[in-house]
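Visitor: I have a structure here, written as structure tokens, and I will follow up with some questions on it.
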Amino acid sequence: MNKSTMISMAVVRRLPKYYRYLSELLRRDIDRISSKELSEKIGFTASQIRQDLNNFGDFGQQGYGYNVKELHREISKILGLHREYTTVIVGAGNLGQAIANYTGFSKQGFHLKGIFDKNPKLVGIKINDIEIKDIDTLPEFIENNTIDIGILCVPKNSAQDVANIFIEKGVQGIWNFAPSDLEVPDGIVVENVHLSESLMTLSYIINEAKLLKENK
Ligand code: NAI
């Protein structure tokens, strides 16, 4: 078993946040940080941070803090960000176009290779220099261009059909925005993204604060 497979998913889900803050520190030429300072910035407790970061090496030193560069490099490796990935978007509507237009993913190593839709009115239009192609050409496209990640931005009722094409053609990971629980065989990874869940969390916090005020 390698180091990364021993790390729990709960820790993995916190790693991008560490990675983001450490990237910011690197940009500001800060070379070390204590768990207390990290805690103030990130919002996790200092002991949570020490526990999390102990999972993958001895980067913290008593009285010195964490070596930002080394920790950043290690987290990047664990998250697989030292590699490059190829992606396609299926569903070039509001969401698909927004994702295609965001250039930040490519800077992080996620390279968009194709955009597909079933609507003939969209086929041929260029988004971020990539021409939207007909969905019928997706299987052949994946065969000819090794694609690591399929980004699903189609309505719920089309999601499984498109996922099946990804699965059949050997796409390893599906970034699923459709509100649909996909059925996939072992070995295919699905990461569901639900912005509304985040919004509900926000609603909870606002609501709690209101209740607290009202009960004062
Ligand atoms: P939209 O209607 O603007 O775009 C959907 C596109 O998918 C259309 O261009 C349509 O022609 C295409 N499409 C439909 N069936 C297809 C198929 N079988 N093959 C290829 N293309 C197909 O919808 P919007 O607003 O972009 O939302 C897309 C999906 O994302 C929906 O499932 C929506 O519920 C979901 N969504 C999820 C969010 C999240 O936080 N996870 C946030 C916003 C939307």
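The values are calculated or read from the model by the stated rules, or taken from the named source; none is laboratory data. Just so you know, these numbers come straight off a predicted model, no measurement behind them. Neighbour counts are summed over all protein chains in view; Cβ atoms, including those assigned to glycine, are modelled from backbone coordinates with ideal geometry. Side chains are part of the model used for accessible areas, which takes the heavy atoms of the whole protein and leaves out ligands, DNA and RNA. Shrake-Rupley method; radii C 1.70, N 1.55, O 1.52, S 1.80 Å.
Visitor: For segment 15-28, which residues satisfy the criterion of being of a type in the set (A, V, I, L, M) and open to solvent by 40 Å² or more (accessible area, probe 1.4 Å)?
Guide: The answer is LEU26, and nothing else.
Visitor: Is it the case that some residue within segment 145-155 is without any contact (Cβ under 8 Å) to a residue 24 or more places away in the chain and either of a type outside the set (Phe, Trp, Tyr) or part of a helix (DSSP H, G or I) (or both)?
Guide: no
Visitor: Here is a list of conditions, (1) modelled with pLDDT of 95 or more; (2) more than 8 Å from the ligand (Cβ to nearest atom), and ASP129 meets all of them except one; can you say which number that is?
Guide: All conditions pass for ASP129, except number (1).
Visitor: Here is a follow-up. Identify the single condition in (1) without any contact (Cβ under 8 Å) to a residue 12 or more places away in the chain; (2) crowded, with 17+ Cβ neighbours inside 10 Å that GLY104 does not satisfy, given that it satisfies every other one.
Guide: (2)
Yes/no per residue for (1) within 16 Å of the ligand (Cβ to nearest atom); (2) under 20 Å from the mean Cα position of the chain (by Cα); (3) surrounded by 13 or more Cβ atoms within 10 Å (Cβ to Cβ):
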position	(1), (2), (3)
ILE30	no, no, yes
LEU38	no, no, yes
ASN55	no, no, yes
ILE78	no, yes, yes
ARG83	no, yes, no
VAL88	yes, yes, yes
GLY91	yes, yes, yes
LEU95	yes, yes, yes
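Visitor: Separate question: Given (1) away from the ligand (no atom under 15 Å from the Cβ); (2) within 23 Å of LEU182 (Cα to Cα); (3) crowded, with 16+ Cβ neighbours inside 10 Å, identify the lone condition not met by GLU143.
Guide: (3)
Visitor: Do we find that ILE132 is touching a Lys or Arg at 6+ places or on another chain (Cβ under 8 Å), open to solvent by less than 60 Å² (accessible area, probe 1.4 Å) and aliphatic (A, V, I, L, M) in this structure?
Guide: yes
Visitor: Inspect all residues belonging to segment 123-136 and state whether any of them is assigned to a helix (DSSP H, G or I) and closer than 21 Å to GLU168 by Cβ.
Guide: Checked segment 123-136: at least one residue is assigned to a helix (DSSP H, G or I) and closer than 21 Å to GLU168 by Cβ.
Visitor: I would also like to ask the following. Considering each residue of segment 156-181, count those that are within 11 Å of the ligand (Cβ to nearest atom), in a helix (DSSP H, G or I) and either open to solvent by less than 40 Å² (accessible area, probe 1.4 Å) or within 17 Å of THR137 (Cβ to Cβ) (or both), and give that number.
Guide: Initial filter on segment 156-181 (within 11 Å of the ligand (Cβ to nearest atom)): 156-165, 175-180.
Those left that are additionally in a helix (DSSP H, G or I): 156-165.
Filter once more, keeping what is either open to solvent by less than 40 Å² (accessible area, probe 1.4 Å) or within 17 Å of THR137 (Cβ to Cβ) (or both): 158-159, 161-165.
Adding up the residues that qualify gives 7.
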